[in-house]
Structure formats: structure tokens, C-alpha cells
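*Asks:* One structure follows; several queries about it will come next.
The values are calculated or read from the model by the stated rules, or taken from the named source; none is laboratory data. Just so it is clear, the structure is predicted and the values come from calculations on it, not from any experiment. Because the Cβ atoms are built from the backbone with ideal geometry, glycine has one as well, and the counts that use them run over all protein chains shown. These area figures cover heavy atoms from the full protein model, side chains too; ligands, DNA and RNA do not enter into them. Shrake-Rupley method; radii C 1.70, N 1.55, O 1.52, S 1.80 Å.
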Amino acid sequence: MVFQQEGPDQPVVHNGTVHAPDAELAMLNARDVFVRRPEAVALWVVPADAIFTQTQEELAKAEPADQAASELSDYYVFAKFSQQAQCRQVGQVQAGSPQAAVQAAIATFADKQPLWWWVFPASAVLKNESSEAEPMFSAARYKTYKDQAEYPVVTMMRALRDKGRLD
Amino acid sequence: MERARQYALSGYLIALADDELILGHRDSEWTGHAPILEEDIAFANLALDEIGHAKLWYELGADLLGQDKTTYPDRLVYFREPAQFRNMQLVELPKGDWAFSTLRQYLFDAFEALRLEALSQSSYTPLAEIAARIRTEELYHLRHSQAWVPRLGLGTEESHARMQAALDALWPYAQGLAAPLPGEQDLHAAGIVPSSAALFERWSGEVSQFLVEAGLQVELRSPLADMHRSSHSEHLPALIHDLQSVARLDPEAIW
Amino acid sequence: MYGADVEQIAIQLNEDPQKLADFEARIARGEKIEPGDWMPAEYRRQLIRMISQHAHSEVVGMLPEGAWITKAPSLRRKLILLAKVQDEAGHGQYLYHAAETLGATREEMLDALLEGKAKYSSIFNYHTTTWADNGAIGWLVDGAAILNQTMLARCSYGPYSRAMVRICMEENFHRKQGQEMIILYSQGTPTQRAMVQDAITRWWWPTLMMFGPHDADSPNSGVLIRWGIKTRTNDELRQDFINQLVPDLQACGIVLPDPDLHYDEATGNWRTGAIDWDEFWAVLKGNGPANAERMAARRQAHADGYWVREAAAAYAVKNQNQ
């Protein structure tokens, strides 16, 4: 799963999926697939099976998780707030299991009412180093020929019609 | 900068641009034919960057010659004869299998990273600025090719055998990286460009170690008899013919 | 069948009538259906069919233009074409992903394509014979595709709709670079003008066929419209396209290969002559000028890449075990 941050003040959002046999290739593929145009300052890749999701309905039926059982680790908490919205980052919690992480997320971010919660261990994420951001994302900026504004076809058509009228 | 030196530097830059153009041409041949859809995208990206870099160097070369930088690069690309191109033979060899293309890219990228690092320190500021910009993009290329070399070198028996065969075929041509570019001696003395031979020493050490770690055997073979950039293989005329085929249908047209 | 009420359809499709009614009510309210939601098996089947066909079209669609990247006649045109064909690979990637959210795997979909079981857009089975064909593909073929995709960006299935929004933004670059090329060449040298006229002459009718059969002969349209996958019919979209393109192409001085083409004052529509549907079905069934070549190229790339995919997987396993 690929997550992308489009600007320094923007949340990290789920953006899509790439196929790759390992994390490093997933990162490279994610960059090539999703940053063909300049819209990123950070990329995260997470194996799909590391993501634990629960809908509000599933939560209502869920058993309370046993918090004491295992060691705590960091989990990223993402949430989807509407049908159309992308899943986006709301914060981070410490928990002993993915189930417990969802419950901790509900407790910590009590004001949020998302349709879905997504949690995954911070250890499962590969992020680009901030020093890599420039080589990874700057190239797209110079490729102005990908921008439709480079092709003033409406003006060109108008000029052609005006010329036709004069002839 | 005095006239003669401007002229020399433009020759140097056009040779650099020719390398990028021809390598980008070979990379672009993978578009639609790569082993994984994601690599179609990646190789197209490499090609876009290489050809974009060629354009930047041709433009600076045109500037130094007092030519129009919006039209002169296309004149150079589409209306020179194959014998006038100054790229090294390494980049003109056909794309081969994916091991060959990936390894060639790695060998070239690793050298370029060193050359661009040096060029970004050039005493000629316009050159240093462009080199710095290109360098950031090339660092990403290196990451891509560095990721694949060990995966293929150590992956399966077949991938290992293909990589070793690619290395054996490429290594003699890669020695051409040590050959000076046009005008290099004088430009180096003036602090404008680095010495290719000195860069080659560093490159050789770094690359050999990396290849060995990727399970490949580096044999120290004697270099090609003729590494000079004015000599080419039979593959270049065919490539240039393809490259120029449409533009030459109508030399007066603006395409 | 699909004008019928929900209970009859539930019986025919062997679905729970209550669930089906709820599902249809959600679509009527303009809600998006998401991967985990209940959906009729037929909805899932139709979407996988459409999305994978669409993905295959992007991937096969790289070939006719890809052949011209090395020959592009200026550095600018070369960069544009490379970026465009690269986008097509990217669109294939987005779309395979959208289909995967419905339970199909990319491997299954690719196998279906390579075995000749899956369809892709008939347009890519025509040859690109001159450079100007790239302009015609951009303006005509991508222009037609955008009309279809703009409709699909509003479709009821969330992941498909979102993929389409992104694709449409990028396709506008594809269309406009083609249009720019055709406008410039149509006012260019005699060689260029002849090239453009020839390209449009060859691509005009195949592009009109891209919208699919007439509504009366389109077997899937009813259910697709009922469930908000399509919101407009083939003929409606085709008419929009014709109305957009005819005046612009004529302003460029290009003659369209249709003696029956005329403007209908009463409806404000441009009317074309009859489309040769025999040609359409022949191409769709694999007998177009370039079907065999396109499939051979895809099979070759897949077979040649096998060892690479195998090596990357083996390396990942070795590294995990360490």
C-alpha cells in the first residue's frame, strides 16, 4: 500500500497500491507510478497484510482487546471519513496488538467519527529519508510538458477560425 | 571566457549530451516491453530524464557557440551524420536483455554520479548549476539500478548467469569511461571540468566492490583498442537512422 | 430485463431481494459502493470485466505509439510521447489495482489477456503508419476516451471512479498534445499537411467505433446504466464526440472521409454516414490489422520478463530468511 504526502502541511493519505516483491522495490515503484507529476514531499510503503482495518459496524461487535498480553509498540492510525475521501493519517498510538491499537485510537481521537479505522505498526513502514526527497520528487517539477496548460489549443483554434474568416 | 575555450567547452558538452541522448534512446526501447508494468514506467522515467539532460547540455553548448538554444539542439540531434556523434560506444550497444540494460545503466549511472559531483563544483557557473540539478535526478537513477543489480546477481541461477554474461560483454566497453572527452585536457587545467581518468579510478574501485557483493566476477580485461569517442560500432548508424527518420522527411518543417 | 423491478431482478440473478433493494437505493442516493460493501455478483462481474478490459487497453495501447518514441522528430516531441506512453502504463497500473479491489488478481487478468480470453479496445489493433498518427491518436482516440472516462469518473464503484478522476486529469495532456500537433501540421509544410490528412482519414472511423455498438445492439448497457456504472449510452457519447470534433477538424482544413456527413439544423447535431460494424466486430474478434502483432508483443514481453520476476521474488525470500 502506498501513502503519499503532497505538501509539508498536508496529511499523509492512502494513494494506491504497487506490486513488488520487497519494500525497497515497492518504494521505487511507488515513486515512479505516483510521482510522475510533482505532488509529493513524502512517500510511505506498507505491506498490505500489515494493515488492520475495522469499520464502525465491526467495531460494535468487537471484543475488548487484551492490552496486558504483549509488549507495546507504535502504531500509525489512519481513518476514512467519507465514502469518497482517501484514508488519511490522524495520529499515532502505542498498543500491544492491532485490535488494541484501534481501541486506543478511538480513546485518543474520541472526537473523530470515521467510517473505517486503519492501523499498522510503525515498524512495517518504509518511508523515504527526508534527504532523499529532493532526488525522488524534484524531477517531476521540470517536466512541464506533462502539463496540459503547455498546449494552448483553444487559442490556436480561435486563431485558425479568425484566419479562416479573413481569407 | 575566451572564444577558443567556449568552443572547446561546447564540444565537451555536446559529447556529454550525446551519451545521454543515446542511452535514453536505448532505455526508451523498453517502453511497452519491460518485464513488469512498474518497470515500463521506471525505464520510461530513466529515458525521460536522460533525454531531458541531453537537452540541457545541448542548450548550454548552443549558448557557448552563440547559437539559438531553442533550435540548435534539434539541428545537432537530427541533422548530424552518425560519424559526427561523440557518445561512447557503451551507450550505443543494443538494449540486449534486461540484465544487459540494467547493468549498463548501473555502470553509467555510477560514473555519472561522480562526474556530476565534480561538474557541480565547476568554475564555470552556468555549467555548475545545471550539473547540480541533473545530479539530484541521477541520484535516483543510481538508487534504481543499485536496487536491481544485487537482486538479479543473487536472485536465481538464471538471473546470475545473465548478469555475469552482461558484465562480461559490457566491461570492456565500460573502460571507455576513462577516455577523455573532447577538449578535456585544457578545460580540466582551467578548473572547468574533472579528469575522466581520475574519476575512473574512483569508479573502478566502487563499482568492482559493489559488483562482487552482488555475486558477480569482475575480470580485469584489457581495454578496447580504440576508446576514442569518434569511433563507433555498427550499431550507431542504425540507431541514428531510426532516430532521424521522420525529421529528415522534411528538413524545412517545424515538428 | 433491466427495466424490470427489483424483485424480478433479484429472482433472475438469485440475489437477496432486500439486499439488492438496499444496494440500488444507495446508488440512487448517489453513494459510492466500496470494496467491502455488499454488491450483487453480477455487479462485481461486470466491473471486473470492464475495468480489466480498460486496464488491458492501456497496456496494449502503449504499443502503437511506443513504436514511434525512437523516431519522434524533435526532442520536445520525443519527451512528450515518452511521457504519454509512460502515463498509459501508469493508468494500467491504477486500473489493475481498482479491479483487484473486487477480488481479481493482476496475474489472472494478465493471463486472460495473454490467452486471448480478455478483450481490449479495438482501436489499438490498427497500425500506426506515419508519425502524424500520434497526433491523430492524441486528439481523436484520447479525446474519445476522455468522454467515456469523464462519465466513468462518476460511476457508482468508488475505486474505479477515483482511478478515473486521476486518469482524466492526465488524459487532457494526451489529447491536447495531439490536437496541438494536428493544428500545427495542418498549417505546416505540404509534407506535414498530407501526413495529417492521411492520418485523420485512417483514424476517423475506427475512433467512432470505439464508443461501441449502437445502443440497440449493446448487450451490457442496460444493467450498467441501472447500477450507475455507466450514466450515458454509447450513442450519446459518440454524438458528443462528433459534434466536438467535426467543426475543429474542418477549421484545420482537414476533409473527413464521409460523403454523408452533414449538419442537422433541427437537432444541432452533425450526422455521419453508416458505421461499418462488420469491421468493428472483425477487429474485436481478433481479425484486425494488428491484433496478432499486439498480442505477440505482449506475450513476448511477458515471457522475456519471467526470469526477472522470478529473480526478484527469490531475492526477497532469501533476504527474509536471513
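*Asks:* Condition first: surrounded by fewer than 24 Cβ atoms within 10 Å (Cβ to Cβ), of a type in the set (D, E, K, R) and in a helix (DSSP H, G or I). Can you find one or more residues in region C:90-100 that meet it?
*Replies:* Within region C:90-100 (the criterion being surrounded by fewer than 24 Cβ atoms within 10 Å (Cβ to Cβ), of a type in the set (D, E, K, R) and in a helix (DSSP H, G or I)), the answer is yes, since at least one residue qualifies.
*Asks:* Moving on to the next point. Would you check which residues across region B:138-152 are facing another protein chain (nearest Cβ under 9 Å), closer than 18 Å to A:Pro21 by Cα and open to solvent by less than 30 Å² (accessible area, probe 1.4 Å) and list them?
*Replies:* Within region B:138-152, B:His144, B:Ala147, B:Trp148, B:Pro150, B:Arg151, B:Leu152 qualify.
*Asks:* Taking B:Gly11 as meeting all but one of (1) at pLDDT 95 or above; (2) under 18 Å from the mean Cα position of the chain (by Cα); (3) within 12 Å of another protein chain (Cβ to nearest Cβ); (4) open to solvent by 10 Å² or more (accessible area, probe 1.4 Å), write down the number of the exception.
*Replies:* (3)
*Asks:* Shifting gears a bit: Mind checking whether some residue in region A:78-93 is open to solvent by less than 20 Å² (accessible area, probe 1.4 Å), without any contact (Cβ under 8 Å) to a residue 24 or more places away in the chain and touching a Ser or Thr at 6+ places or on another chain (Cβ under 7 Å)?
*Replies:* Within region A:78-93, one or more residues are open to solvent by less than 20 Å² (accessible area, probe 1.4 Å), without any contact (Cβ under 8 Å) to a residue 24 or more places away in the chain and touching a Ser or Thr at 6+ places or on another chain (Cβ under 7 Å).
*Asks:* Looking at (1) over 19 Å from C:Thr128 (Cα atoms); (2) without any contact (Cβ under 8 Å) to a residue 12 or more places away in the chain; (3) open to solvent by 90 Å² or more (accessible area, probe 1.4 Å); (4) not basic (Lys, Arg), find the lone condition where C:Ala312 falls short.
*Replies:* Here C:Ala312 meets the rest and fails (3).
*Asks:* Name the strands (runs of 3 or more DSSP E) wholly within region A:5-74 that hold at least 1 residues that are at positive phi?
*Replies:* Correct list: A:12-16.
*Asks:* Which one is least open to solvent (accessible area, probe 1.4 Å), of the residues in region C:261-285 that are in a helix (DSSP H, G or I) and of a type in the set (Phe, Trp, Tyr)?
*Replies:* If we take residues in region C:261-285 being in a helix (DSSP H, G or I) and of a type in the set (Phe, Trp, Tyr), then C:Phe280 is least open to solvent (accessible area, probe 1.4 Å).
*Asks:* Continuing with the same structure: Tell me, which helices (runs of 4 or more DSSP H) wholly within region A:118-167 include 1 or more residues that are at pLDDT 90 or above, under 13 Å from C:Glu180 (Cα atoms) and within 13 Å of chain C (Cβ to nearest Cβ)?
*Replies:* Fully inside region A:118-167 and qualifying: A:153-166.
*Asks:* Given the criterion open to solvent by 40 Å² or more (accessible area, probe 1.4 Å), away from chain C (no Cβ under 14 Å) and within 25 Å of B:Ile41 (Cα to Cα), identify the matching residue among B:Arg135, B:Arg162, B:Arg86, B:Arg104.
*Replies:* Testing whether each residue is open to solvent by 40 Å² or more (accessible area, probe 1.4 Å), away from chain C (no Cβ under 14 Å) and within 25 Å of B:Ile41 (Cα to Cα) leaves just B:Arg135.
*Asks:* Take the residues in region A:1-37 that are touching a residue at least 60 places away in the same chain (Cβ under 8 Å) and away from chain C (no Cβ under 13 Å); name whichever of them is nearest to C:Ala83 (Cα to Cα).
*Replies:* This residue is A:Met27.
*Asks:* Return the residues of region C:36-48 that are touching a helix residue (DSSP H, G or I) at 6+ places or on another chain (Cβ under 8 Å) and loosely packed, with under 14 Cβ neighbours inside 10 Å; say none if nothing qualifies.
*Replies:* C:Trp38, C:Ala41
*Asks:* Going by the conditions given, is C:Thr207 closer than 21 Å to C:Leu147 by Cα, touching a Leu at 6+ places or on another chain (Cβ under 8 Å) and outside any loop (DSSP other than H, G, I, E, B)? Can you show your working first?
*Replies:* Details: closer than 21 Å to C:Leu147 by Cα: yes; touching a Leu at 6+ places or on another chain (Cβ under 8 Å): yes; outside any loop (DSSP other than H, G, I, E, B): yes.
Spelling it out, C:Thr207 is indeed closer than 21 Å to C:Leu147 by Cα, touching a Leu at 6+ places or on another chain (Cβ under 8 Å) and outside any loop (DSSP other than H, G, I, E, B).
*Asks:* How about region B:25-39: which of its residues are more than 7 Å from chain C (Cβ to nearest Cβ) and buried (at least 24 other Cβ atoms within 10 Å of the Cβ)?
*Replies:* B:Arg26, B:Asp27, B:Glu39
*Asks:* Return the residues of region C:286-306 that are at the interface with chain B (Cβ under 8 Å from one of its Cβ atoms) and either open to solvent by less than 10 Å² (accessible area, probe 1.4 Å) or hydroxyl-bearing (Ser, Thr, Tyr) (or both); say none if nothing qualifies.
*Replies:* C:Ala301, C:Gly305, C:Tyr306
One line per residue, one yes/no per condition, for (1) within 9 Å of another protein chain (Cβ to nearest Cβ); (2) surrounded by fewer than 18 Cβ atoms within 10 Å (Cβ to Cβ); (3) under 13 Å from the mean Cα position of the chain (by Cα); (4) more than 22 Å from A:Val33 (Cβ to Cβ):
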position	(1), (2), (3), (4)
C:Thr129	no, yes, no, yes
C:Asp133	no, no, no, yes
C:Val141	no, no, yes, yes
C:Tyr157	no, no, no, no
C:Leu184	yes, yes, no, yes
C:Ala199	no, no, no, yes
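*Asks:* Scan region C:49-71 for residues that are open to solvent by 40 Å² or more (accessible area, probe 1.4 Å) and away from every other protein chain (no Cβ under 13 Å) and jot them down.
*Replies:* Once the filter is applied, which keeps residues that are open to solvent by 40 Å² or more (accessible area, probe 1.4 Å) and away from every other protein chain (no Cβ under 13 Å), region C:49-71 yields C:Arg49, C:Gln53.
*Asks:* Right, another one. If I ask for residues that are more than 10 Å from chain C (Cβ to nearest Cβ) and open to solvent by 10 Å² or more (accessible area, probe 1.4 Å), which ones from region B:40-58 would you list?
*Replies:* Passing the criteria: only B:Leu56.
*Asks:* Only residues that are open to solvent by 10 Å² or more (accessible area, probe 1.4 Å), in contact with a Lys or Arg (Cβ under 8 Å, 6 or more places away or on another chain), not acidic (Asp, Glu) and not in a loop (DSSP other than H, G, I, E, B): list them for region B:115-132, please.
*Replies:* none
*Asks:* Quickly run through region A:13-30 and pick out the residues that are open to solvent by less than 10 Å² (accessible area, probe 1.4 Å) and in contact with a strand residue (DSSP E or B) (Cβ under 6 Å, 6 or more places away or on another chain).
*Replies:* Correct list: A:Gly16, A:Met27, A:Ala30.
*Asks:* Tell me, please, whether a residue that is at pLDDT 95 or above and part of a loop (DSSP other than H, G, I, E, B) can be found in region C:191-199. Even if it seems obvious, please write down each step before you answer.
*Replies:* We begin by selecting, within region C:191-199, every residue at pLDDT 95 or above; these are C:191-199.
Cutting the leftovers down to part of a loop (DSSP other than H, G, I, E, B) gives us none.
So far as region C:191-199 goes, no, none of its residues is at pLDDT 95 or above and part of a loop (DSSP other than H, G, I, E, B).
*Asks:* Could you say which residue among A:Leu160, A:Leu166 is open to solvent by 30 Å² or more (accessible area, probe 1.4 Å) and over 19 Å from the mean Cα position of the chain (by Cα)?
*Replies:* Just one listed residue meets the conditions, A:Leu166.
*Asks:* When region C:12-33 is examined, which residues are found to be among the aliphatic types (A, V, I, L, M) and either modelled with pLDDT under 85 or surrounded by 14 or more Cβ atoms within 10 Å (Cβ to Cβ) (or both)?
*Replies:* Let us first name the residues in region C:12-33 that are among the aliphatic types (A, V, I, L, M), namely C:13, C:20-21, C:25, C:27-28, C:33.
Answer for region C:12-33, where residues must be among the aliphatic types (A, V, I, L, M) and either modelled with pLDDT under 85 or surrounded by 14 or more Cβ atoms within 10 Å (Cβ to Cβ) (or both): C:Leu13, C:Leu20, C:Ala21, C:Ile27, C:Ile33.
*Asks:* So, in region C:236-260, exactly how many residues are open to solvent by 30 Å² or more (accessible area, probe 1.4 Å), more than 14 Å from every other protein chain (Cβ to nearest Cβ) and assigned to a loop (DSSP other than H, G, I, E, B)?
*Replies:* Summing the residues that are open to solvent by 30 Å² or more (accessible area, probe 1.4 Å), more than 14 Å from every other protein chain (Cβ to nearest Cβ) and assigned to a loop (DSSP other than H, G, I, E, B) in region C:236-260 gives 4.
*Asks:* Only one of C:Thr233, C:Thr191 is surrounded by fewer than 21 Cβ atoms within 10 Å (Cβ to Cβ), among the β-branched types (Val, Ile, Thr) and closer than 27 Å to C:Ser156 by Cβ. Can you tell me which?
*Replies:* C:Thr233
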